[in-house]
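Presented below is the structure to which this report refers.
The values are calculated or read from the model by the stated rules, or taken from the named source; none is laboratory data. Computed from a predicted model, the values in this text were never measured in an experiment. Here the Cβ is made from the backbone with ideal geometry for all residues, glycine too, and neighbour counts use every protein chain on show. The area values use the complete protein model at the heavy-atom level, side chains included, leaving out ligands, DNA and RNA. Shrake-Rupley method; radii C 1.70, N 1.55, O 1.52, S 1.80 Å.
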Amino acid sequence: MHRWKLGIAIVFILGSLLVAGCSKPEPQDENIEVIKTVLEIDLNAPDEEAIRLLEEPYKSKEAEEAGEGFLEEYYKYQKETYEPYFTESGLEQFIMTNQAFMFHRRADQHGYQLEVKNIEVEQNEVTPTNYNFTVTLDYEMKDEDKKEIEMSGIAIVRDGKVAKITYHIRNHDELKNLLYGEQK
């Protein structure tokens, strides 16, 4: 009788450990979460506030001629939006190369909406600071049906922040169209 109780206790303990072990969520890579956040900010476009801050100074001839503080609010908004997710040098490069809000500016210029549907991010096995990503987007022009497109790229992460992000668009006509208007 004692063996039987001991056997039941062991089975119960092992079963509890198995259930507890299986029910624990997989620890999430914080770098992946940072990359996903940047992609969502960058690709859910257009950001109406960014567009307003970019266009507002051009509406006033005096502001444009004064030059001082020209687009200052826009640069401040860029920095506030992206700073928590980028290294200092990465953010500086991202802003100075006009990548920040690039998709937002183009969406506004060409009259389309982008919405992130899915993001997949994988750490590169050879270079662990590099992360390959693929983003599925809904792309919608005014008065047209939604299209689904995919975009890929690489993010380099240092100390939990993005140091550089690159989108692969070179051989992707649909993405070139999004960024530069119709390709002839």
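Key figures
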| quantity | calculated |
| --- | --- |
| Nitroxide proxy distance, nm - points 7 Å out along Cα→Cβ at His168 and Glu48 | 3.6 |
| Point-to-point label distance, Ile149-Glu73, nm (Cα→Cβ direction, 7 Å offset) | 3.1 |
| Residue-level accessible surface for Leu114, protein heavy atoms, 1.4 Å, Å² | 10 |
| Which listed pairs, of Lys36/Lys164; Lys117/Lys146; Lys79/Lys164; Lys79/Lys117; Lys36/Lys146; Lys117/Lys147, have C-alpha distances above 18 Å, in listed order | Lys79/Lys117; Lys36/Lys146 |
| Full-extension gain in nm, Glu40 to Asp138, via 0.36 nm per residue minus C-alpha separation | 34.0 nm |
| In sequence order, calculated HN-Hα J values of segment 123-138 (Karplus, 6.51, -1.76, 1.60; Hz; x Gly/Pro) | 6, 6, 5, 7, 10, x, 7, 9, 10, 8, 9, 9, 10, 9, 10, 8 |
| Cα gyration tensor shape of segment 38-167, rounded if a/c is under 1.5, else prolate or oblate by comparing a/b with b/c | oblate |
| Per-residue HN-Hα couplings for segment 148-157 [Karplus 6.51, -1.76, 1.60; θ = phi - 60°; Hz; x = Gly/Pro] | 10, 10, 10, 9, 10, x, 9, 10, 9, 10 |
